[in-house]
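Single-structure report; data block below.
The values are calculated or read from the model by the stated rules, or taken from the named source; none is laboratory data. Worth saying up front: this structure is predicted, and the values here are computed from it rather than measured. Positions of Cβ are backbone-derived with ideal geometry, glycine not excepted, and every protein chain shown enters the neighbour counts. Accessible surface is based on the protein model in full, side chains and every heavy atom, while ligands, DNA and RNA are left aside. Shrake-Rupley method; radii C 1.70, N 1.55, O 1.52, S 1.80 Å.
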Amino acid sequence: MVGMAENDVYVVWDDEVTGYNFGPSHPMHPLRLDLTAKLADDFGLFDADNVHVDPIGEIDEAKLARLHDPDYIAAVKQAGTEEGLEERDANRYGIGTEDVPGFENMHTASAMLFQGSVNAANAIISGDFRRAVNFCGGMHHAMPGKASGFCVYNDAAGAITEFLEAGYERVVYLDIDAHHGDGVETFFWDDPRVLTISIHESGKFLFPGTGYPADIGGLKAAASAVNIALPPRAGDADWLRAFDATVPQVVAAFEPQVVVSQHGCDGHRADPLTHMRLSVDAMRIAAERIRDLAVDHADGRWLSVGGGGYAIIDVVPRAWTNLLAVAAGRDIDPGARIPGRWASYAQTKTGREAPLSMTDGFDGAFEPWSKGFDPEVELDRAVMGTRKNIFPFFALDPYFD
């Protein structure tokens, strides 16, 4: 694939990922992936001349075993059989809980999501692509030896590890899911080559209860973790202000060779599991900002994954179709009408009417941090907590940079 354009993008899609299925009443319903792929296809993204859609193919068990404990992988395999896990092992490995119930063929289905992000990383490492998207991934809560928060295997950590083993020395991981990216942070807590940044609803109010401003990385990697913990009900303008106040500065100072981003869309005001008040417009703007950061600081190398998001018709397909469009440099006009074929399909599948357009009506306006810090405002105090804990390590002034 010699001579590919800078905005050529590698996209992971495989119908078999819908096998990652915790059951009809579970919030993480696989229909959200199917609806995303079909909406992207109806917008012409899968047929675009600069978009390469690739199935996942064979699972490399050795790559999975680099990150996850052998006894845990064995437990996941056992949980996917008729016998299942004994209660003692289920508790130990976080499987069989309300969040992560066991299901048939659990290991293969979970490993497919992991492999998709590994494949996306290798598409960039090969030099054939600068951008890659696996919206099926983003399982950022999975730990080395335990499932957590709907996540079994940590594909984002798998992609980052792929970059590190290929010789990359500075990787930024940027997580904009409403929940703290605790699993990825844990994997690289003591690795100075990886800067993890998570902007999320404060753990005082939301699972997993972690990710505070003073959590800045291990003793071997001080300031390798950046946590922006926001108050509940933060809206578009506040969220983008918090991003503007922290992310561009530390990314520029770190000088990454690649940006890996997680785009959980559960911060949306329609999402049933969080308290944030975001729109698909703010999420699209954040994706555009991340794309620009990769262009400015990582020679355009950018791998994005999905994540949380449980409003499966109103939010997830629009948010991740926008992500694909942004990655491909084919940004969709916010006022674009939802294709009729997709709307009919979504209504047939869910019994609900689809949204009418790709916008929620937010115009993107927010007060940039450069206009000043207001200590009377809860959001500003939260952001300043992060700046004070992190900025000095990067020779940045918390008050003026």
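Below is a table of values for the structure above.
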item	result
Failed item, numbered, when Asn7 is tested on (1) over 21 Å from the mean Cα position of the chain (by Cα); (2) at pLDDT below 95	(1)
Criterion violated by Val383 - all others in (1) open to solvent by less than 40 Å² (accessible area, probe 1.4 Å); (2) in a loop (DSSP other than H, G, I, E, B); (3) touching a helix residue (DSSP H, G or I) at 6+ places or on another chain (Cβ under 6 Å) satisfied	(2)
The listed residue being within 17 Å of Gly364 (Cβ to Cβ) and in contact with a Gly (Cβ under 8 Å, 6 or more places away or on another chain), out of Ala325, Ala319, Ala286	Ala319
Residue in the range 84-92 that is out of contact with any strand residue (DSSP E or B) (no Cβ under 7 Å at 6 or more places or on another chain), open to solvent by less than 70 Å² (accessible area, probe 1.4 Å), modelled with pLDDT of 95 or more and within 18 Å of Met143 (Cα to Cα) present	no
Selection status of Leu278, in contact with a His (Cβ under 7 Å, 6 or more places away or on another chain) and at pLDDT 95 or above	yes
3 or more residues among the hydrophobic types (A, V, I, L, M, F, W, C): qualifying helices (runs of 4 or more DSSP H) within the range 20-107	31-42, 61-67, 70-79
In the range 117-161, residue surrounded by the most Cβ atoms within 10 Å (Cβ to Cβ) [restricted to those that are in a helix (DSSP H, G or I) and in contact with a Lys or Arg (Cβ under 7 Å, 6 or more places away or on another chain)]	Gly158
